[in-house]
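The values are calculated or read from the model by the stated rules, or taken from the named source; none is laboratory data. All of these numbers come straight from a predicted model, not from anything done at the bench. Glycine gets a Cβ as well: all are built from the backbone with ideal geometry, and neighbour counts include every protein chain shown. All accessible areas refer to the heavy atoms of the entire protein, side chains included, with ligands and DNA or RNA removed. Shrake-Rupley method; radii C 1.70, N 1.55, O 1.52, S 1.80 Å.
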Amino acid sequence: MSEVKRAHNFNAGPAVLPLEVLQQAQAEMLDFNGTGMSIMEISHRSKDFEAVIQTAETNLRDLLNIPTNYKILFLQGGATLQFAMLPMNLRASGSADYVVTGVWGQSALKEAQKLGAARAAANTEKDGFTSLPTTLDADPNAAYLHFTSNETIHGVEFTSEPEAPSGVPLVCDASSDFISRPIDVSKYGLIYAGAQKNAGPSGVTIVIVREDLLERTPANLPIMLDYRKLAENQSLYNTPPSYSIYIVGLVFQWAKKLGGLAEIHKRNQEKAALVYKTIDESGGFYRGHAQTNARSLMNIPFRLPTEELETDFAKEATKQRLIGLKGHRSVGGIRASVYNALPLESAKALRDFMQEFQRTHG
Ligand SMILES: *Cc1c(COP(=O)(O)O)cnc(C)c1O
């Protein structure tokens, strides 16, 4: 095989995948498991695909240490569909609470409000989504308390779960820090994540839900919006996104082989620290968006002294194959996404580039 020159990929999503995973997918592309067909070309009811989805589930259970009274669903529609499915299934006629620490949490709240009662138990918009809330105004009768563990655009990440009132299930949009560190799943009622940030390709959304909550699903929901029906059918009520499920399965396997989430968390801390240290030691040339105690290990948005410098920064970085550093259009600036699959060498390349850019432009 000819030498492939991979980019330093700082894309926010879809994002970098582990090289080993891509190589395995490549090797199995034409002939999956001796079938003489790719996994995309065989029935989702076949033994081969059944093994793929079951192994993916087993490996995810191992990685996150998911208790047996939780179901795992592989769905379509992205995290955005979960913004609506969640209240449709779990809210009944009650009200739901949202901890809003960025644009994604705000979108989830807005979507829930289209369909019924939902309120913000906290909202950090007044400080530009740079912080974590210190207190919650939580409704003790809420159907659930929703938070976004990592705000992908603002680079604000919870280091521990917000405390829900007793009896109120905690729900988390973990799209951009899923399987990035160990968490205690038993604290949650439901966790969902679009795969394309940290766990795989686009096209599949993972939902982990405590079984007793499935009893809340109303009887008249369309099947594709019905957690209970989808769970009863092991995510195979209709044709699932089989190739995406295959790739997330390979990513789970890769994560286990690396040593699991404690090891992955350590690596993520090391990579993020390289970038934050460069920001902190730049004498104000680089300015991080998030307050220090709210800093994300996954997405690092920062500013330069002028917008012209930011444009130059992204342009020159691209020339050196550091890709995807332009910030989200809503906040501008630069954003480095340093997900699980980003190699340490890429984080080092970014640090070196930042130091050199400051030396030549500072
Ligand atoms: C990207 C993202 C979403 C939206 O995901 P889609 O799969 O594109 O619908 C929602 N929440 C968070 C935290 C995200 O990062």
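Taken over segment 102-119, the criterion of being surrounded by fewer than 18 Cβ atoms within 10 Å (Cβ to Cβ), away from the ligand (no atom under 12 Å from the Cβ) and either of a type in the set (D, E, K, R) or at pLDDT 95 or above (or both) is satisfied by K110, Q113, K114, G116, A117, R119. For segment 11-30, the set of residues classified as in a loop (DSSP other than H, G, I, E, B) and open to solvent by less than 80 Å² (accessible area, probe 1.4 Å) consists of N11, A12, G13, A15, V16, L17, P18, M29, listed by residue number. How many residues does segment 57-70 contain that are touching a residue at least 40 places away in the same chain (Cβ under 8 Å) and either among the acidic types (D, E) or closer than 13 Å to D226 by Cβ (or both)? Total meeting the criteria: 1.
Out of N198, N233, which single residue is under 30 Å from D127 (Cα atoms) and among the polar types (S, T, N, Q)? Matching residue, one of N198, N233: N198. If you go through segment 201-224 and keep only what is under 30 Å from N11 (Cβ atoms) and either within 16 Å of the ligand (Cβ to nearest atom) or in a helix (DSSP H, G or I) (or both), you end up with P201, S202, G203, V204, T205, I206, V207, I208, M224.
Within segment 33-42, being open to solvent by less than 60 Å² (accessible area, probe 1.4 Å) and not in a helix (DSSP H, G or I) holds for T35, G36, S38, I42. Residues in segment 133-166 that are of a type outside the set (V, I, T), within 16 Å of the ligand (Cβ to nearest atom) and over 25 Å from V209 (Cβ atoms): H154, G155.
Within segment 49-101, the set of residues being assigned to a helix (DSSP H, G or I), among the polar types (S, T, N, Q) and within 16 Å of the ligand (Cβ to nearest atom) comprises T80, Q82. Please find, among A219, A199, A193, the residue that is out of contact with any strand residue (DSSP E or B) (no Cβ under 6 Å at 6 or more places or on another chain), of a type outside the set (D, E, K, R), surrounded by 23 or more Cβ atoms within 10 Å (Cβ to Cβ) and not assigned by TED's automatic domain parsing to the domain that holds R267. Answer to the check: A199. In summary, helices (runs of 4 or more DSSP H) completely within segment 232-349 and bearing 1 or more residues that are open to solvent by 70 Å² or more (accessible area, probe 1.4 Å) and within 30 Å of V52 (Cβ to Cβ) occur at 242-258, 261-280. The numbered conditions (1) over 20 Å from V207 (Cβ atoms); (2) in contact with a helix residue (DSSP H, G or I) (Cβ under 9 Å, 6 or more places away or on another chain) are all true for N69 except (1).
Can you confirm whether segment 156-172 contains a residue that is at pLDDT 95 or above, small (G, A, S) and touching a Lys or Arg at 6+ places or on another chain (Cβ under 8 Å)? No, the conditions are met nowhere in segment 156-172.
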